[in-house]
1. Within segment 277-292, can one find any residue that is out of contact with any Gly (no Cβ under 9 Å at 6 or more places or on another chain), within 21 Å of TRP319 (Cα to Cα) and open to solvent by less than 20 Å² (accessible area, probe 1.4 Å)?
2. Looking at (1) under 26 Å from ALA63 (Cβ atoms); (2) open to solvent by less than 70 Å² (accessible area, probe 1.4 Å), can you tell me which one ALA238 breaks?
3. When you scan segment 215-235, do you find a residue that is open to solvent by 40 Å² or more (accessible area, probe 1.4 Å), away from the ligand (no atom under 16 Å from the Cβ) and outside any helix (DSSP H, G or I), even just one?
4. Filter segment 113-137 down to the residues that are small (Gly, Ala, Ser) and within 16 Å of GLN96 (Cβ to Cβ) and list them by number.
5. Are any residues in segment 116-153 away from the ligand (no atom under 15 Å from the Cβ), outside any strand (DSSP E or B) and closer than 30 Å to ILE34 by Cβ, and if so, which ones?
6. Is there a residue being in a helix (DSSP H, G or I), modelled with pLDDT of 95 or more, open to solvent by 60 Å² or more (accessible area, probe 1.4 Å) and in the same structural domain as ILE278 (by TED's automatic domain parsing) anywhere in segment 167-190?
7. Going residue by residue through segment 128-135, is there one that turns out to be open to solvent by 40 Å² or more (accessible area, probe 1.4 Å), closer than 23 Å to THR318 by Cα and among the small types (Gly, Ala, Ser)?
8. Pairs, please: C-beta under 7 Å, at least 6 apart or cross-chain, first residue within 18 Å of ASN219 (Cα to Cα) and in segment 28-40, second of a type in the set (D, E, K, R) and near the ligand (Cβ under 9 Å from one of its atoms)?
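The values are calculated or read from the model by the stated rules, or taken from the named source; none is laboratory data. Fair warning: this is a prediction, and the values are worked out from it, not measured in the lab. Please note: Cβ atoms are built from the backbone with ideal geometry, for glycine as well, and neighbour counts cover all protein chains shown. Heavy atoms of the whole protein, side chains included, go into the accessibility calculation; ligands, DNA and RNA do not. Shrake-Rupley method; radii C 1.70, N 1.55, O 1.52, S 1.80 Å.
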Amino acid sequence: MIRGRIIATGSYVPENVVTNHDLEKVVDTSDDWITERTGIKQRRIVNAQQATSDLAYEAASLALKRAHYKPKDIDLIIVATITPDMAFPSTACILQDRLGATNAAAFDVNAACSGFIYGLHIANGLIKAGAHSRVLLVGAEVLSKVTDWQDRTTCILFGDGAGAALIEATKEKRGVYSTYISSDGSLSDLICLPGGGSRNPCSKETILKRLNYIKMKGNETFKVAVRTLEELVIKTLADNNLDPSQLSLLIPHQANIRIIQATAKRLGMPMEKVFMNIDKYGNTSAASVPIALDEAVQSGRIQDGDYVLLEAFGGGLTWASALLRW
Ligand code: COA
């Protein structure tokens, strides 16, 4: 049986650190409130010149280097993002050109914070179908440029970054064991960016109404996220006939420490087996899971043979999980 296997990872975050204390000077908030309600202490923010493809390029180059691959070895590039460089061409095409990955097809996936796992679902499916054999999957976001820095309920949450994974066809008994994706468009208004598309094209009016920034009903989103993710992780383990005690590491989307703790509790997993870096980067949407995965690999938290569960929840609404055997 052929399946996809992640053979290398890479990640990149911008140098500029914005702490909670920095935000105290911008909006009516406090380090205590942000830390207690979200677990976030700081986030990384791009400079004015940097765009999503610049972060994606750094993360992808690192993954390629670690795999000893040349860009021409890749036959597909998928970029998961809700903050593309521009509406089109896709950020994946811009990345393809920058890397010189001339043998790759390239497209973007928009599933907000679940984007990387949606991309993994697609990549693994195409590998299993025999359509592609070496896929570069990147989750990359510059959320700071669509964040309303006057809105204390959202601006404290988000950060910029990118994570990449190289996925190769394998016949080994390891790799991507299962992926699951789901959506509920009826709750799309819980978290969205209303301006700049064909519904509310960019105009003086949309800018005055601040429609070109992320809007979120945080508390309602929180409740749906907790309920959905608890069900999702239990289902994923059951689908793979695994007991939570067999899991070596849970890598959750880094949106809120309380959501992560609730999911771990539902699984009965000690927090030592849950990877967290939300304190350093905040919520980086589609980049969150691959940055965490890369840091987990680089720090030795994942060893050969380990079962690793990835999960995410985000705008759409969308949610997704993947069970990996490393
Ligand atoms: N600093 C200080 N006070 C703040 C604040 C801030 N940055 N943001 C909101 N508040 C206030 C609110 O105005 C409210 O005040 P009130 O009670 O006087 O009306 C109070 O804090 C509680 O607000 P609430 O929205 O109920 O807080 P919360 O506990 O739900 O936490 C979030 C807010 C955004 C941190 C939380 O809801 C969350 O993480 N939501 C989900 C995010 C997510 O998963 N998104 C989807 C994936 S991307």
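1. Keep residues of segment 277-292 that are out of contact with any Gly (no Cβ under 9 Å at 6 or more places or on another chain), which gives 277.
Now drop any that are not within 21 Å of TRP319 (Cα to Cα), which leaves 277.
Retained after the next criterion (residues that are open to solvent by less than 20 Å² (accessible area, probe 1.4 Å)): 277.
Yes, segment 277-292 has at least one match.
2. (1)
3. Checked against the condition, which is being open to solvent by 40 Å² or more (accessible area, probe 1.4 Å), away from the ligand (no atom under 16 Å from the Cβ) and outside any helix (DSSP H, G or I), segment 215-235 yields no hits at all.
4. Of all residues in segment 113-137, those small (Gly, Ala, Ser) come to 114-115, 119, 123, 125, 129-131, 133.
If the condition is that a residue be small (Gly, Ala, Ser) and within 16 Å of GLN96 (Cβ to Cβ), then GLY119, ALA123 are the ones that fit.
5. Correct list: GLY119, LYS145.
6. First pass over segment 167-190, keeping only residues in a helix (DSSP H, G or I): 185-190.
From the residues that got through so far, the ones that are modelled with pLDDT of 95 or more too are 185-190.
Going one step further and asking which of them are open to solvent by 60 Å² or more (accessible area, probe 1.4 Å), we end up with 186, 189.
If we keep only those that are in the same structural domain as ILE278 (by TED's automatic domain parsing) as well, we get 186, 189.
Yes: segment 167-190 contains one or more residues that are in a helix (DSSP H, G or I), modelled with pLDDT of 95 or more, open to solvent by 60 Å² or more (accessible area, probe 1.4 Å) and in the same structural domain as ILE278 (by TED's automatic domain parsing).
7. Start the filter on segment 128-135 by keeping residues that are open to solvent by 40 Å² or more (accessible area, probe 1.4 Å), which leaves 128-134.
Narrowing further to those that are closer than 23 Å to THR318 by Cα: none.
No, that holds for no residue.
8. THR29/ARG152
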